[in-house]
1. Counting DSSP beta bridges in the chain, what percent are antiparallel, to the nearest 5?
2. By count of other Cβ within 10 Å, fewest leading, how are Lys158, Lys229 ordered?
3. What residue among Phe115, Phe102, Phe72 shows peak mean-square fluctuation when the chain is described by a Gaussian network model with Cα springs under 10 Å?
4. Give me the dipole magnitude in Debye, nearest 20, for the chain about the Cα centre, with unit charges on the beta carbon: positive for Lys and Arg, negative for Asp and Glu.
5. Computed from the mean reciprocal separation of all distinct C-alpha pairs, what Kirkwood hydrodynamic radius does segment 2-232 have, in Å?
6. What number of lysine-lysine pairs in the chain show an alpha-carbon separation below 26 angstrom, given a sequence spacing of 8 or more or placement on distinct chains?
7. When the helix-only estimate is applied to the chain (DSSP H runs of n ≥ 4, each -39,500 (n - 2.57), divided by the residue count), what is the mean residue ellipticity at 222 nm, nearest 500 deg cm²/dmol?
8. Exposed loop sites here are GluC sites (Glu not before Pro) in DSSP loop states with at most 16 other C-beta atoms within 10 Å. What is the longest stretch of the chain lacking them?
Amino acid sequence: MQRLRTASKHYGLIADGDNILVGLSGGKDSLALLRLLALQSRICKPSFRIAAVHIRMREVQYESGQSYLEAFCQQLDVPYFVINTSFSASSASSHQSKPVCFLCSWNRRKQLFNFAQEHGFNKIAFGHHQDDILHTALMNLTFTGHFSTMPARLVMKKMPISIIRPLCTIQEADIVRYATQLGFQPLLKKCPYEHNTQRTAARRLFEEISVMNPEARYSLWHALESDGKLVES
């Protein structure tokens, strides 16, 4: 909780009056994020509201227990929504050269943005942790030649919405321990594409770098912060 509050203050993630939509995939990261934000929302300052939305994509078969997610949100007193969607013919045809992961992510984001705007949310929160952000930096540097990553806060230019990542300073290992202690239910069916991506290669590269230098995590984070890559407005 404290690290989430510290990250929120340092990167300007949450402010009074925010209406935050949490992308709830059902994995450990999004469950941890939702629980921590729900607990934080009960504290007086800053005063904000949250709701959770789960998107089911017909073309990519990975599943979460719907009754579990609904009960999880009820216990936290968080409004819960489900969006059932699929790849549209127009979006698929306009991105014919893109892999399934891109199409799935692109369409999920589109649904999230539309839902957020239609229901008055000014921020969307994702459960990406520090490891995700560092892996993305390595992936972009290695495969695209750009030093960039998923920022902790991103102000969208074409819509009145900001993307925030409140778990940005928390390591994945800590979230694993948190999920185990609280008995989070794992996904019923994992994504069939998740172990054959550039992200998987970046994860392995990060592990090798960490063997060479156990402090590499902090060096990479410092580089991202110094270069202004963690906040984009």
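1. 15
2. On the way: Lys158 6, Lys229 20.
Going from sparsest to densest Cβ surroundings: Lys158, Lys229.
3. Largest GNM mean-square fluctuation: Phe102.
4. 340
5. Values: mean 1/r = 0.0540 Å⁻¹.
Final number for the Kirkwood radius of segment 2-232 is 18.5 Å.
6. Lysine pairs, 8 or more places apart or on different chains, close enough: 29.
7. Helix contribution divided over all residues of the chain: -15000 deg cm²/dmol.
8. No qualifying site falls inside 60-193, the longest such stretch.
None of the figures in this text is laboratory data; all of them are computed from the coordinates on show. Note that the structure is a prediction, hence the values are computed from the model and not measured. Neighbour counts are summed over all protein chains in view; Cβ atoms, including those assigned to glycine, are modelled from backbone coordinates with ideal geometry.
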